[in-house]
Amino acid sequence: MTTEPMLKLDDVTKRFGGLVAVNSVSFNLQAGEVLGLIGPNGAGKTTLFNCISGTFAPEEGNITFGGEPITGLPPHMVCGRGLARTFQIVKPFVALSVVDNVMVGAFRNTNSTSAARDAAREVVEFVGLGRFADQKAGNLTTAGRKRLELAKALATNPRLLLLDEVMAGLTPTESTEIVQLIRRVSTERGVTLLVIEHVMKAIMALSDRIAVLHHGELIAIDVPNMIASDEKVIEAYLGKEYAHAHAG
Amino acid sequence: MTLTMQRRRMIGGAVLLIGAGLWFALQFGAIMGWLERFDVVLRQAVVTGILVGSIFGLVAMGLTMIFGVLEIINFSHGALMTVGMYAAFLMYSQLNIDPYLSIFLNVPLLFVIGIIVYRLVIHPARDAPHHNQLLLTLGLSLLIENLLLVIFSATPNSIRLPYERGLVNFGLFAIEFPIRLWGVTIALPRLAAFIFAVLLTGVLYYILQFTDLGRAIRATAQDKDGAALVGINVDRISAITFGIGTACVGAAASLVLPFLAVDPVAGNTFNIASFVIVVLGGMGNVLGALLGGLIIGLAQEIFGVVFMGTPKLLSVFVIFILVLFFRPQGLLGRG
Amino acid sequence: MAAIKGIHRNYIILAVLTLALLFLPLGLNQFQVNIAIFILYWAYLGNAWNIMGGYAGQFSFGHAAFFGIGAYTSTVLLVDYGVSPWMGMLVGAGFAAFFGLILGFLFFQFGLKGHFFALGTFAFAEMLRLIAGEMSILRTTIGIQIPPIRTDSWANMQFGQTGTNYYFVILGFFVVGMIITIALANSKLGYYFMAIREDEDAAAALGVNTMVYKIIAVMISSALTAMGGSFFIQFFTFVDPALAFGVAVSIEILLRPIIGGTGTVWGPFAGALLLTPLEEVTRHIVREPPPFLSFIEGRAGVDVMLFGILIIIVVIYMPDGIVGTLIKQWDRLRRGRQRSRTGTEPTIATPTQPLTDEQIKPTTEG
């Protein structure tokens, strides 16, 4: 008995002039899953995110979300369908307070300011920014801004959340806390997650499955243990010699 | 693109321009003959357009350089030109210095004024958002214009060069002014302005392409941080660029004095035209400014002939809107 | 909570202010009432601009375009067709909103931002000025004069006798404008506007249709500005292309919000409170200067000169305007108090040890 995947990518291809950034990528994402997306720099991970979230329109292929096609829809409509994303380089609304920032996301689901404010405060508490709720976003540290970025997206009440390198620029302790937060997003709020990350230990521990991108192609998708010993993956990261050494 | 390839492109472009200019000059008779088929008024418009366009180009070159390096649209460019016009006027009326001589005083004077303006007003606001910087230069233009109004009142002043009509002796040859060729009238001041403008543009271009200063300016325009990394004093270059840009309007001011009246708002047409030209030619693109100047000059004059009675300025705005919509990077792209 | 109090606070302040302003004319002579009219008038226009320029971040240098559309529309309707300016004002607002729709759509579709957008609006206003000078229905550059009347006519918004009636009309405009601004600042629309201003991409990623909302901002701003134009002509009884579409109008409109503080509720009003009396005082000094300033007697341009200096000072030293800077200082004070309460500088986590496997593994199974 198969359930309809929440997100379905079929041969998604994105070209920039002569460069093929994403090459015929296909995979499914089940509801409630945490799918990690890894790959060397320049593998096309963020570009793939941008295709899914609507910032770019793929040249070829189809993206289906919740059974409905979203290929080529603009970002605000994709969000409207319940698919939210964070940005690798965070984009806070600097002049607004933390709560106001999150309210912008909350307004997706309501027209009432007080309802949006209540929803926003709840999310702000959830991500641990309760103490700074009324401070200007511009005053937050990097770690705080990462949480804010997450909170804004969460406030839209998404079914699927794309997290783009949330841990970039964080210290190890800050990273640990974020990992726990992300896990709670999945377990406590039931949000399906697609996570790009470079911190291996974190992504291995966090994900139910891991997809590996290399030169725009999906070279492996499996549970973390299998990925760690996959020859192609090792070759992509460390080169052929290591792959052979590992296998042999 | 390596620097030598870019340099080759620039030299190629310059040669092309000079070549086209030479060809045009040589073919002038043929072109005029061809144009003879059209109304003499139209012919006059074309000639006047080119003559005027050279001045626009000179003014716009200054503005585009300022934009290239400082990334601000200097709304006070026109007002500074008015300052130059008043300076040239005073030098003529009080000190009897011919404008074609006082230009050599006006240029350094406006250069210094530019540096002062940069230090006092522009530099302190370098971190402000773009629209605030635009506002800043707007405030500056209001200040300058009205300061001139307070000092000189609104009465227009103009000068007439005594030798602009009649025979002018150049030593080896003499020309009767105003020149009448193929039904077109070319007045001495306008021709002189054209020649000076082209020369000065050439000088400016040479400085930018072949001197260390010019290289530093171009480098800063391309990449401020990169330039700083290779040891260029970005602040100093910014000041100098603003000074040079202002000096351009100082030169233009001296050149237009013989045929334009000067009042506190005399620089306004040049202000508007120059930022349209800058966008038209490509922001920061010096050759583009020259080309854009010629285009705008021609467009204005031809528009004035075709749509008699309608203000010529309208054509400038129409072109502006068209460029903003369809080719915001300008004809020649960013410099 | 502070936020809810915030909304009510502004309405309460407005209510008190309105009450005070209603009784103000009792204690003033006609000349002073005129100054009050101008303060409220520029505050109203500043608020209109602020909606688009301050809240939505679409900086317009050509608001005279909307102003002039309103001014000419109601005037032509009145003079040629006998339509009451109250109706003409609404028609003018409709035209301006439509024009705003077209302009907004074109500009945003072609991706004009920042100084390109500002210059583009400037170009449009200038174009309208030149075109208006050619249109016979607008009496070209000669302009239209509204025939003066000796009596007061509320129907025609023309008060030949009682100048203070104009005051009450503009007070009404002002209060309505303030209510709209306060309501906006605390509504979904306002939040979306501000999000767009801060970061359009981030706003889009949160579900905001930036194109639509930007155009809405332009339309609201243009309609309100146009109505201000209609009022002005009724007060001044004469309009020509320069008065309607001139650069001076655009500059004066945005001057108050800039100096008072863009994107704030009270900024334009604060700016008008400061600038209009300053203008008057300057004009007075120019007419009868003190001995050491005798050289400026009778000279035009001193007031605008001061405006220029003020703009420069504000942009360099107070980019958030008067109200904006005050709000920032207030925030800083509050943070200081908070700091002393918690005892530490607010941060998130201080790193002491590197990550261990234990810390990364899930805390619960499954």
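The values are calculated or read from the model by the stated rules, or taken from the named source; none is laboratory data. None of the values given here were measured: they were computed from a predicted structure. Every residue, glycine among them, receives a Cβ derived from its backbone with ideal geometry; neighbour counts consider all protein chains shown. Heads up: the accessible areas ignore ligands, DNA and RNA and are worked out on the full protein's heavy atoms, side chains in. Shrake-Rupley method; radii C 1.70, N 1.55, O 1.52, S 1.80 Å.
All of A:Ala43, A:Ala84 fail the test of being modelled with pLDDT of 90 or more and either open to solvent by less than 40 Å² (accessible area, probe 1.4 Å) or of a type in the set (A, V, I, L, M, F, W, C) (or both), apart from A:Ala84.
Only a single item in (1) at pLDDT below 90; (2) surrounded by 20 or more Cβ atoms within 10 Å (Cβ to Cβ) is not met by B:Ile302, and it is number (2). Annotation: C:Ala36 fulfils all but one of (1) within 14 Å of chain B (Cβ to nearest Cβ); (2) surrounded by fewer than 24 Cβ atoms within 10 Å (Cβ to Cβ); (3) in contact with a Leu (Cβ under 8 Å, 6 or more places away or on another chain); the unmet one is (1).
Every condition in (1) over 17 Å from the mean Cα position of the chain (by Cα); (2) charged (D, E, K, R); (3) within 30 Å of A:Ala133 (Cβ to Cβ) holds for C:Glu297 except the one numbered (3).
Residues checked against (1) touching a helix residue (DSSP H, G or I) at 6+ places or on another chain (Cβ under 7 Å); (2) within 14 Å of another protein chain (Cβ to nearest Cβ); (3) closer than 25 Å to B:Asn74 by Cα:
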| residue | (1), (2), (3) |
| --- | --- |
| C:Gly100 | yes, no, no |
| C:Gly114 | yes, yes, yes |
| C:Ala118 | yes, yes, yes |
| C:Glu126 | yes, yes, yes |
| C:Arg139 | no, no, no |
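Highlighted here are the helices (runs of 4 or more DSSP H) found entirely within segment C:212-302 that include at least 2 residues which are surrounded by 20 or more Cβ atoms within 10 Å (Cβ to Cβ) and among the charged types (D, E, K, R): C:247-260. List the pairs whose first member sits in segment C:49-62 and is facing chain B (nearest Cβ under 10 Å), whose second member is among the acidic types (Asp, Glu), and whose Cβ atoms are under 9 Å apart, counting only residues at least 6 apart or on separate chains? Close Cβ pairs satisfying both conditions: C:Gly57/C:Glu198; C:Gly57/C:Glu200.
When B:Ile296 is tested against (1) over 26 Å from C:Phe105 (Cβ atoms); (2) open to solvent by 30 Å² or more (accessible area, probe 1.4 Å); (3) part of a helix (DSSP H, G or I); (4) within 14 Å of chain C (Cβ to nearest Cβ), just one condition goes unmet, and that condition is (2). Of all the numbered requirements in (1) part of a loop (DSSP other than H, G, I, E, B); (2) facing chain C (nearest Cβ under 9 Å); (3) in contact (Cβ under 8 Å) with a residue 40 or more places away in the chain, A:Asn101 misses one, and that requirement is (1).
For C:Gly120, indicate whether it is of a type outside the set (A, V, I, L, M) and under 14 Å from C:Val218 (Cβ atoms).
yes
The residues listed here are C:Pro319, C:Pro351; of these, the one that is open to solvent by 40 Å² or more (accessible area, probe 1.4 Å), part of a loop (DSSP other than H, G, I, E, B) and at pLDDT below 80 is C:Pro351. Against the numbered list (1) modelled with pLDDT under 90; (2) within 14 Å of chain A (Cβ to nearest Cβ), C:Pro277 comes up short only at (2). Among the criteria (1) away from chain B (no Cβ under 14 Å); (2) modelled with pLDDT of 50 or more, the one C:Ala300 does not fulfil is (1). Selection of segment A:104-115 for residues being at the interface with another protein chain (Cβ under 7 Å from one of its Cβ atoms) and either part of a helix (DSSP H, G or I) or under 17 Å from the mean Cα position of the chain (by Cα) (or both) yields A:Val104, A:Gly105, A:Phe107, A:Arg108, A:Thr113.
Apart from one condition, A:Val90 fits all of (1) of a type in the set (A, V, I, L, M, F, W, C); (2) surrounded by fewer than 21 Cβ atoms within 10 Å (Cβ to Cβ); (3) closer than 22 Å to C:Val208 by Cβ; the exception is (2).
To keep it simple, each residue is scored yes or no on (1) of a type outside the set (Asp, Glu); (2) within 14 Å of chain C (Cβ to nearest Cβ); (3) without any contact (Cβ under 8 Å) to a residue 24 or more places away in the chain.
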position	(1), (2), (3)
B:Ala252	yes, no, no
B:Asp263	no, yes, no
B:Thr310	yes, yes, yes
B:Val318	yes, yes, yes
B:Ile321	yes, yes, yes
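Kindly indicate whether any position in segment B:91-100 is at pLDDT 90 or above and open to solvent by less than 10 Å² (accessible area, probe 1.4 Å). Scanning segment B:91-100 turns up no residue that is at pLDDT 90 or above and open to solvent by less than 10 Å² (accessible area, probe 1.4 Å).
From the set of residues in segment A:66-98 that are more than 9 Å from every other protein chain (Cβ to nearest Cβ) and touching a Phe, Trp or Tyr at 6+ places or on another chain (Cβ under 7 Å), which is farthest from A:Gly144 (Cα to Cα)? Filtering first and then ranking leaves A:Arg81. Only one of the listed residues (C:Leu184, C:Leu171) is of a type outside the set (Phe, Trp, Tyr), closer than 21 Å to A:Asp118 by Cβ, touching a helix residue (DSSP H, G or I) at 6+ places or on another chain (Cβ under 6 Å) and assigned to a helix (DSSP H, G or I). That residue is C:Leu184.
Within segment B:105-152, restricting attention to residues that are closer than 27 Å to C:Arg299 by Cβ and polar (S, T, N, Q), the residue that is farthest from the other protein chains (Cβ to nearest Cβ) is B:Asn106.
Filtering segment A:23-50 to residues that are within 14 Å of another protein chain (Cβ to nearest Cβ) and hydrophobic (A, V, I, L, M, F, W, C) leaves A:Val34, A:Phe49.
I need the full set of residues from segment C:108-140 which are basic (Lys, Arg) and under 22 Å from the mean Cα position of the chain (by Cα), in order please. Within segment C:108-140, C:Lys113, C:Arg129 meet the criteria.
Residue count for segment A:117-132 under the criterion of being open to solvent by less than 30 Å² (accessible area, probe 1.4 Å), more than 9 Å from chain C (Cβ to nearest Cβ) and among the aliphatic types (A, V, I, L, M): the result is 4.
For (1) loosely packed, with under 15 Cβ neighbours inside 10 Å; (2) under 19 Å from C:Ala65 (Cβ atoms), each residue gets a yes or a no:
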site	(1), (2)
C:Gly111	yes, no
C:Phe122	no, yes
C:Leu128	no, yes
C:Ile131	no, yes
C:Glu134	no, yes
C:Pro147	yes, no
C:Asn186	no, no
C:Tyr192	no, no
C:Ala195	no, no
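Taking first residues from segment C:197-219 that are closer than 16 Å to A:Glu149 by Cβ and partners that are open to solvent by 50 Å² or more (accessible area, probe 1.4 Å) and in a helix (DSSP H, G or I), the Cβ contacts under 6 Å between residues at least 6 apart in sequence or on separate chains come to C:Gly207/A:Arg108.
Of the residues B:Val234, B:Val203, B:Val230, B:Val249, which is β-branched (Val, Ile, Thr) and within 26 Å of B:Tyr163 (Cα to Cα)? Walk me through it before giving the result.
Working: B:Val234 fails: within 26 Å of B:Tyr163 (Cα to Cα); B:Val203 fails: within 26 Å of B:Tyr163 (Cα to Cα); B:Val230 fails: within 26 Å of B:Tyr163 (Cα to Cα).
Exactly one of B:Val234, B:Val203, B:Val230, B:Val249 is β-branched (Val, Ile, Thr) and within 26 Å of B:Tyr163 (Cα to Cα), namely B:Val249.
C:Phe174 fulfils the conditions (1) of a type outside the set (A, V, I, L, M); (2) crowded, with 18+ Cβ neighbours inside 10 Å; (3) over 30 Å from B:His131 (Cβ atoms) except for a single criterion, (3).
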